[in-house]
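Asker: Handing you this structure, nothing more for now.
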């Protein structure tokens, strides 16, 4: 089992290197805003975004007010939807969103009407997440360049990332 896990880690690392910076990119998670899904010190592989984003995707995007500063968050609201936060729960177009990944209540209350090219992003660790759509507003789809697809470190947590 240990040999197989090492082979998987080596393969993912090699793909990250060989894939180049066009299609695949390696990232280190620097803080805990995505816990429990991703923790500080985790290393992940992200793939260039192609096609439409889905609710639940973990994405990497440029901070709207800090050039060259990238954030990792989860897609919660899709283009054209109305996102509302009331009493600690997220509602999308009137329906409560099941968020098995969320850690803690979502505060503060608010409403965001997403345009045709915008998404609403939240960190999984809601109390610790700064720089998500609650503070920076909806994010343009064009600003989202990477989708996290796998974790390759630590060895005990190697595998697919997401839902």
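Asker: Take the conditions out of contact with any strand residue (DSSP E or B) (no Cβ under 9 Å at 6 or more places or on another chain) and more than 30 Å from residue 23 (Cβ to Cβ) and apply them to residue 127. Does it pass?
Answerer: no
Asker: Could we say that residue 62 is at pLDDT below 95, more than 14 Å from residue 153 (Cα to Cα) and surrounded by 13 or more Cβ atoms within 10 Å (Cβ to Cβ) here?
Answerer: Working: at pLDDT below 95: yes; more than 14 Å from residue 153 (Cα to Cα): yes; surrounded by 13 or more Cβ atoms within 10 Å (Cβ to Cβ): yes.
Criteria met by residue 62.
Asker: Looking only at the range 98-113, which residues are within 19 Å of residue 35 (Cβ to Cβ) and either surrounded by 12 or more Cβ atoms within 10 Å (Cβ to Cβ) or in contact with a strand residue (DSSP E or B) (Cβ under 6 Å, 6 or more places away or on another chain) (or both)?
Answerer: 99, 101, 102, 103, 104, 105, 106, 107
Asker: Which of the residues belonging to the range 133-147 are within 19 Å of residue 68 (Cβ to Cβ) and crowded, with 20+ Cβ neighbours inside 10 Å?
Answerer: If the condition is that a residue be within 19 Å of residue 68 (Cβ to Cβ) and crowded, with 20+ Cβ neighbours inside 10 Å, then 139, 146 are the ones that fit.
Asker: Sticking with this one: Counting residues that are under 19 Å from residue 29 (Cβ atoms) and under 12 Å from the mean Cα position of the chain (by Cα), which strands (runs of 3 or more DSSP E) fully inside the range 59-163 reach at least 3?
Answerer: Per the criteria, 70-77, 144-153.
Asker: So residue 116 ticks every box in (1) modelled with pLDDT of 95 or more; (2) touching a strand residue (DSSP E or B) at 6+ places or on another chain (Cβ under 9 Å); (3) more than 24 Å from residue 42 (Cα to Cα) but one. Which box is left unticked?
Answerer: Against the list (1) modelled with pLDDT of 95 or more; (2) touching a strand residue (DSSP E or B) at 6+ places or on another chain (Cβ under 9 Å); (3) more than 24 Å from residue 42 (Cα to Cα), residue 116 comes up short only on (2).
Asker: Please state which of the following conditions residue 95 fails to meet, knowing it meets all the rest: (1) without any contact (Cβ under 8 Å) to a residue 24 or more places away in the chain; (2) over 22 Å from residue 39 (Cα atoms); (3) surrounded by 17 or more Cβ atoms within 10 Å (Cβ to Cβ).
Answerer: (3)
Asker: Let me ask something else about it. Kindly indicate whether residue 48 is surrounded by fewer than 19 Cβ atoms within 10 Å (Cβ to Cβ), over 12 Å from the mean Cα position of the chain (by Cα) and in contact (Cβ under 8 Å) with a residue 60 or more places away in the chain.
Answerer: So residue 48 passes the test.
The values are calculated or read from the model by the stated rules, or taken from the named source; none is laboratory data. Owing to the predicted nature of the structure, the values given are computational and were not obtained by experimental measurement. Cβ atoms come from the backbone with ideal geometry, glycine included; neighbour counts cover every protein chain shown.
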